[in-house]
Amino acid sequence: MVPQHTLVVFGGTGQTGRHLVRRALEEGHQVRAMVRDPSTMPAEHPALTVVRGDVGERHGLDQVLDGLLDGADAVVSMLGDAAAQRTRRINTEFVQQLVPAMRRSGVARFLYQAGGLSAPPGGSLPPALRLIRATIARGYIGQHEDNEAVMRHLVDEASDLEWVVHRAGIGGDGPSKGVLHRSTKSPSIATFRDCAEYDLRTVLDASAVHTCDFSSYRAAGTPLGR
């Protein structure tokens, strides 16, 4: 039986977030989700609390965060707005406000989902991924740079928290393609639902703390790609 936890979710109406909220509720967790428009949250469940809020509006956000985080066990962020991130590091600004709120509430565990084309702090992407980022994915450069700034902030300013970064290689929706596992080599092109399953499992995995790994569909029994 999976132990029950209280999870605070940001990005719960997104394509990965919807799957994560659904699976967390199915596993018996309590879920608190902050969304701009509560009517867009597809799930209704007695264990789900939906709070109105906007990560881009910093005024008044501290009070909302304190209420969400009170008594919570972990936080999951799957935020992404490629258009806004072209001109503003909106996720970095939010995480800079979230980290102190987590400290105030005594919540240590945090999973941040970035993209597979975001380089880890102090590292670089494999050549093939650098090429993709510079060509067919160049329209998302602001999003990658925002994700990279978030990771640098966590490494430099939040070592006291039990953060995990999932650099996901999401290809689209559809049925499950298998189970994702951590890898430092390269990301698999995964479905939203498989990334959600990975996020839900990994946020509670102590061995993943302070990692910025990819996820990969490796064969069962294969050594971890590190």
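Read-outs: derived from the displayed coordinates by stated rules, not from any lab. For clarity, every value in this text was computed on a predicted model and none was experimentally measured. FYI the Cβ positions are ideal-geometry reconstructions off the backbone, even for glycines, and counts take in every protein chain you see.
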Q: Go ahead and collect, in residue order, the members of region 164-180 whose backbone nitrogen is under 19 Å from a label point 7 Å along the Cα-Cβ direction of A82.
A: 167-174
**Q.** G116 long-range amide H proximity, modeled H, under 5 Å
**A.** A168, G169, I170
Q. Quick one: putting +1 on the C-beta of Lys and Arg, -1 on the C-beta of Asp and Glu, what dipole do you get for region 1-114 around its Cα centre, in Debye to the nearest 20?
A. 300
Q: Starting from the Cα-Cα distance between H210 and S186, subtract it from 0.36 nm times their residue separation and give me the gain in nm to one decimal.
A: 6.8 nm
Q: Averaging sequence separations of C-alpha pairs under 8 Å and six or more residues apart, then dividing by the length of the chain, give the relative contact order as a whole percent.
A: 19
Q: Select from region 1-45 those trypsin sites (Lys or Arg not before Pro) which occupy a DSSP coil region and have at most 16 other Cβ atoms within 10 Å, ordered by residue number.
A: R36
Q. If contacts are Cα pairs under 8 angstrom and at least 6 residues apart, what is the relative contact order of region 45-164 in percent?
A. 32
(Q) Taking a ≥ b ≥ c as the square roots of the Cα gyration tensor eigenvalues, with a/c under 1.5 meaning rounded and otherwise prolate when a/b beats b/c, else oblate, which class fits region 120-226? (A) oblate
**Q.** Simple label model, 7 Å out from Cα along Cβ direction - R138 to D37, nm
**A.** 3.3
Q.
Check which residues have an amide H placed less than 5 Å from S183's amide H, if you skip close sequence neighbours.
A. F214, S215, S216
